[in-house]
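Derivation of every value follows stated rules applied to the coordinates shown; laboratory data play no part. None of these values were measured; they are calculated from a predicted model. Glycine also receives a Cβ, built like all others from the backbone with ideal geometry; neighbour counts cover every protein chain displayed.
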Amino acid sequence: MAAEKSLAIVVRMVEFSETSLVVSLFTRDFGKIGALAKGARRPKSAFEGALDLLSVCRVVFLHKSTDALDLLTEAKLVRRFRAGARDLTRLYAGYYVAELLDELTHPGDPHPDLYDAAEQALAELDGAGSVTAVALRFEMTALRILGHMPSLSECVGCGKPVEAVGRVAFGMLEGGVLCPDCRPGKRQVVSISAEGVKTLQGFADATTEAWRGQTVHPKIWGELRGVLNHYLANLLGKKPKLHEFLGTLAE
Amino acid sequence: MAQFSATLANLINHFAKLPGIGQKSAERLAYHVLRVNKAEALALADAIRDVRENLHYCQQCYFLSEQDLCEICRDPQRDPALLCIVEQPRDVIALEQAGAYRGLYHVLLGRIAPLEGIGPENLTINALIQRVQKGEVREVIMATNPTVEGDGTALHIANALADFPVQVTRLARGITTGSILEYTNREILADALTGRQKF
């Protein structure tokens with residue numbers, strides 16, 4: 001059993017006994033891990049209150065080779081998520097980042113770039129960043145890194161370019177836009193405005209930070225939230241728990 | 001291979017459902033019940049039955065009580081204008097043991113935890129709003145746990161009470177009396193600085 005070190009975001013916590021916790025951590029170097037934090041609920045534990053949801057910590061853990069939980073031996077707080085004390089929308093968006101990390105990734109599958117994107121998203125939600133924009137950018141980044149990015153400019157049926165004009169068909173099951181030739185007979189197809197498609201393309205573009213300055217009409221936010229909520233629910237096979245709490249995000 | 005009798009297996013299964021009790025511990029507890037004298041074993045069964053039949057939540061504050069209203073809500077010496085909000089009945093015990101509070105309580109029976117599917121409708125927040133609506137409460141003290149979920153729950157309640165003429169406060173956070181500043185963790189120091197008081 002080797003001791004491993006990594007930066008980690010706390011994405012889930014379950015009380016295990018009077019004094020211990022089972023935590024799900026999304027680590028930068030080892031991906032998602034489940035670990036037992038013995039004595040973490042004691043006031044003077046080795047974790048010094050570092051283990052709280054959405055906290056960024058520097059952790060040391062003993063990695064178990066079997067299916068058993070890893071053993072967390074140290075957690076040093078790097079940054080606590082404090083928005084929960086001042087703004088519920090920011091808090092729920094932070095929970096949503098944690099839920100996506102937990103649901104979209106598999107244990108022991110590291111994605112340092114996804115970790116960096118999540119840490120940045122949490123820092124912006126904890127600060128003054130636009131909640132709707134930060135949440136959408138994180139969703140698109142996570143989908144891109146994990147290989148689930150919907151096709152936004154080429155038809156998922158035949159690969160031909162699809163021009164964003166008027167309204168564009170988007171196949172939930174196919175995973176992207178559809179040209180007029182491929183659309184007939186497809187199930188779960190919605191239509192998105194051309195402006196909506198262009199906005200999604202802007203937020204999906206990893207090469208630029210132009211999304212920060214993008215002005216989006218509230219109606220388009222509503223449209224995009226509807227499409228992404230539906231797309232993610234299809235991808236996960238269930239509706240993310242936080243979608244209900246983030247109902248007002250597009251307003 | 002020899003197996004437990006059906007009645008013993010049933011008892012073991014019930015013990016194994018208790019928090020923190022695994023199969024081996026459940027077997028040990030079951031053997032203990034067989035080993036002690038019959039009166040003691042039946043006293044345990046009676047105690048479990050009594051607590052389930054006689055103990056329930058106070059109709060006003062949701063603390064544990066054997067009557068419609070708990071001992072604290074019935075106490076005329078308590079200040080009904082002060083209402084302390086806690087997550088669990090055990091938090092009431094902890095605050096009572098501190099001996100510094102003479103107001104009433106309201107137990108939420110949990111905290112808002114969206115990742116676990118627990119929303120405001122699963123707690124006693126509506127009952128709290130109805131209590132405040134009656135107009136007797138002057139100050140609501142948030143004593144939820146100082147965690148992300150505890151703070152979120154307190155903020156949700158503070159927003160829900162924003163239209164009522166009550167002062168909403170929360171427990172102070174910071175350095176423990178008797179500790180040394182140099183060895184205090186930076187988050188606690190940040191909390192203490194944010195919540196500093198007039199000398």
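Looking at the protein assembly as shown alone, DSSP beta bridges between its own residues are antiparallel in about 70 percent of cases.
Can you give the % of DSSP beta bridges in region A:149-246 that are antiparallel, to the nearest 5? Antiparallel bridges make up about 90 percent of those DSSP assigns within region A:149-246.
A crude spin-label estimate for the pair B:Gln77 and A:Ala128, with each label 7 Å from Cα along the Cβ direction, gives 5.2 nm. Note on A:Thr208/B:Thr194: beta-carbon distance plugged into 1/(1 + (r/R0)^6) with R0 of 56 Å gives a FRET efficiency of 0.90. Cβ crowding within 10 Å ranks A:Lys32, B:Lys38, A:Lys198, A:Lys5 as B:Lys38, A:Lys5, A:Lys198, A:Lys32, fewest other Cβ atoms first.
With Cα atoms as the point set, the radius of gyration and Dmax of the protein assembly as shown evaluate to 26.2, 84 Å.
For the residues B:Asp91, B:Asp151, A:Asp109, what sequence is obtained by ranking on other C-beta atoms within 10 Å, fewest first?
On the way: B:Asp91 19, B:Asp151 23, A:Asp109 11.
With the fewest neighbours first, B:Asp91, B:Asp151, A:Asp109 line up as A:Asp109, B:Asp91, B:Asp151.
Count Lys and Arg as plus one, Asp and Glu as minus one, and take only other residues whose Cβ is under 12 Å from that of A:Pro150; the net charge is then -2.
With a Förster radius of 51 Å applied to the C-beta separation of B:Arg90 and A:His217, the computed FRET efficiency comes to 0.55.
Put simply, the amide H of B:Phe164, placed in the peptide plane, has no neighbours under 5 Å, leaving out anything fewer than 5 places away on its chain.
Counted by Cβ distance under 9 Å from A:Asp29, the other residues give a net charge of +1, where Lys and Arg count +1 and Asp and Glu count -1.
Based on the reciprocal of the average 1/r between different C-alpha atoms, the Kirkwood radius for region B:64-198 equals 16.2 Å.
Excluding B:Gln59 itself, what net charge comes from residues whose Cβ is under 15 Å from its Cβ, given Lys and Arg +1 and Asp and Glu -1? List each step's numbers first, then the result.
Numbers: positive: B:Arg74, B:Arg131, B:Lys134; negative: B:Glu66, B:Asp68, B:Glu71.
Here the charged neighbours net out to 0.
What is the dipole size for region A:69-208, taken about its Cα centre, with +1 at each Lys and Arg Cβ and -1 at each Asp and Glu Cβ, in debye to the nearest 20? Provide the component values of the computation, followed by the final result.
Values: 14 positive and 19 negative charges, 92 e Å.
That gives region A:69-208 a dipole magnitude of about 440 debye.
Among A:Ile33, A:Ile145, B:Ile129, rank each residue by its count of other Cβ atoms within 10 Å, from fewest to most, as a rough exposure measure.
Values: A:Ile33 23, A:Ile145 19, B:Ile129 14.
The fewest-first ordering by Cβ neighbours comes to B:Ile129, A:Ile145, A:Ile33.
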